[in-house]
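Enquirer: Here you go, one structure.
The values are calculated or read from the model by the stated rules, or taken from the named source; none is laboratory data. From a predicted model like this one, the values you see are computed outputs, not experimental measurements. When we count neighbours, we look across all protein chains shown, and the Cβ atoms used for this are built from the backbone with ideal geometry, even at glycine.
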């Protein structure tokens with residue numbers, strides 16, 4: 001089983017009365033709440049956490065794309081992926097992902113992902129999400145009636161650009177390019193492709209058709225997630241795909257402490273910040289007319305962000321114990337967390353776990369503590385799961401000895417440099 005350290009990069013300074021005075025954390029959230037001076041520290045702290053995750057043994061480092069929101073401060077995940085490609089050397093770069101329909105031309109995605117794959121030595125996992133309605137339809141103005149058409153055409157163009165070494169023309173419905181001639185080209189041809197989704201029949205069929213990994217990015221927890229994943233695996237069987245747990249990933253909030261009681265004391269307030277403020281989405285933004293297709297509506301699959309009575313809104317009112325019982329969070333001592341992770345893996349039948357060990361306004365030092373405990377005392381207990389299956393959805397990087405070694409930045413031996421080193425040690 002593989003474990004990926006994923007960071008949404010939320011804004012940790014939303015006021016206590018945020019949900020009363022602001023109707024949404026997304027689309028029209030008051031930009032005066034953002035402080036670029038504080039952001040300097042926040043972004044660097046978040047990148048430090050991702051780099052630490054490689055150091056302590058996580059398999060992948062995850063980032064994603066969102067716009068006009070305080071829930072996730074990454075409008076350009078390729079920027080984050082590029083710095084991680086330079087500053088790390090073992091972990092997969094899990095770019096989940098670039099919303100294809102937002103790029104015109106989509107060859108920009110093919111180029112940028114190829115650059116990241118080259119810099120990293122072939123460690124990129126390329127995520128191709130359709131994107132949320134908040135991002136696509138409202139923040140970026142894409143017509144929901146044509147969103148999926150554009151997405152599928154962009155996907156086909158990117159795949160062909162990666163595969164065809166010759167110059168070709170593209171004369172599609174939404175994109176017209178006289179010359180497509182990809183420079184640079186990725187080391188992996190193509191990089192493994194994962195499809196992040198919140199639950200739609202079309203996404204399942206798309207994964208089956210192209211043999212892609214399906215990454216269920218839910219905040220409703222693994223108990224509810226098991227119901228949806230049961231539908232995914234049933235659909236894969238109907239379409240003739242052989243079962244392999246590595247074809248699926250699931251995102252889960254996790255926090256680890258020395259004891260169960262200590263976990264509650266350390267993390268409860270940060271979980272409440274996440275569920276009450278970071279997921280405070282105006283329902284009108286969550287599901288634009290036409291965003292969900294007819295088959296998905298008929299299947300009863302709804303947007304997890306839609307509706308004031310959604311499970312996400314209810315989670316903020318639960319007790320800490322109920323959050324754990326209902327699977328919104330996995331929390332407790334290392335042994336308690338290992339027991340819960342085993343339930344996640346077996347009930348959802350997933351070989352990849354996307355670990356959200358940072359959430360809400362959790363301080364950097366506290367997140368480091370949880371990250372290390374999970375890596376040192378939980379992951380070793382779970383490694384043997386699914387050992388009889390081969391992972392076809394993971395990077396095959398260049399041999400380490402053949403890769404360029406990044407130059408290490410040195411701090412000058414001056415008064416200013418010594419002060420910088422003291423701050424790092426402190």
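Enquirer: Can you name the condition, by its number, that residue 67 falls short on among (1) surrounded by fewer than 21 Cβ atoms within 10 Å (Cβ to Cβ); (2) in contact (Cβ under 8 Å) with a residue 24 or more places away in the chain; (3) within 16 Å of the chain's Cα centre (by Cα); (4) under 26 Å from residue 180 (Cα atoms)?
Expert: Residue 67 satisfies every listed condition except (4).
To keep it simple, each residue is scored yes or no on (1) in a helix (DSSP H, G or I); (2) surrounded by 12 or more Cβ atoms within 10 Å (Cβ to Cβ).
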{"site": "154", "(1), (2)": "yes, yes"}
{"site": "159", "(1), (2)": "yes, yes"}
{"site": "169", "(1), (2)": "no, no"}
{"site": "174", "(1), (2)": "no, yes"}
{"site": "177", "(1), (2)": "no, yes"}
{"site": "185", "(1), (2)": "no, yes"}
{"site": "188", "(1), (2)": "no, yes"}
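Enquirer: May I ask you to say which residue of 84, 50, 8, 79 is without any contact (Cβ under 8 Å) to a residue 12 or more places away in the chain, under 20 Å from residue 116 (Cα atoms) and either out of contact with any strand residue (DSSP E or B) (no Cβ under 8 Å at 6 or more places or on another chain) or not in a strand (DSSP E or B) (or both)?
Expert: 79
Enquirer: I need the full set of residues from segment 190-217 which are surrounded by fewer than 20 Cβ atoms within 10 Å (Cβ to Cβ), in contact (Cβ under 8 Å) with a residue 40 or more places away in the chain and in contact with a helix residue (DSSP H, G or I) (Cβ under 6 Å, 6 or more places away or on another chain), in order please.
Expert: The answer is 190, 201.
Enquirer: What helices (runs of 4 or more DSSP H) completely inside segment 196-286 contain at least 2 residues that are at pLDDT 95 or above and closer than 22 Å to residue 11 by Cβ?
Expert: 260-273
Enquirer: For segment 103-122, indicate whether the set of residues that are out of contact with any strand residue (DSSP E or B) (no Cβ under 9 Å at 6 or more places or on another chain), more than 29 Å from residue 402 (Cα to Cα), at pLDDT 95 or above and part of a helix (DSSP H, G or I) is non-empty.
Expert: So far as segment 103-122 goes, no, none of its residues is out of contact with any strand residue (DSSP E or B) (no Cβ under 9 Å at 6 or more places or on another chain), more than 29 Å from residue 402 (Cα to Cα), at pLDDT 95 or above and part of a helix (DSSP H, G or I).
Enquirer: Only one of these is loosely packed, with under 15 Cβ neighbours inside 10 Å, within 21 Å of the chain's Cα centre (by Cα) and on the phi < 0 side of the Ramachandran plot: 380, 363. Name it.
Expert: 363
Enquirer: How many residues does segment 342-365 hold that are out of contact with any helix residue (DSSP H, G or I) (no Cβ under 6 Å at 6 or more places or on another chain) and either in a helix (DSSP H, G or I) or at pLDDT below 95 (or both)?
Expert: Residues that pass the stated criteria total 5.
Enquirer: Report the residue count in segment 77-94 for those that are under 15 Å from the mean Cα position of the chain (by Cα) and within 14 Å of residue 46 (Cβ to Cβ).
Expert: The qualifying residues number 5.
Enquirer: Among the listed residues 79, 96, 124, identify the single one that is crowded, with 24+ Cβ neighbours inside 10 Å and under 22 Å from residue 27 (Cα atoms).
Expert: 96
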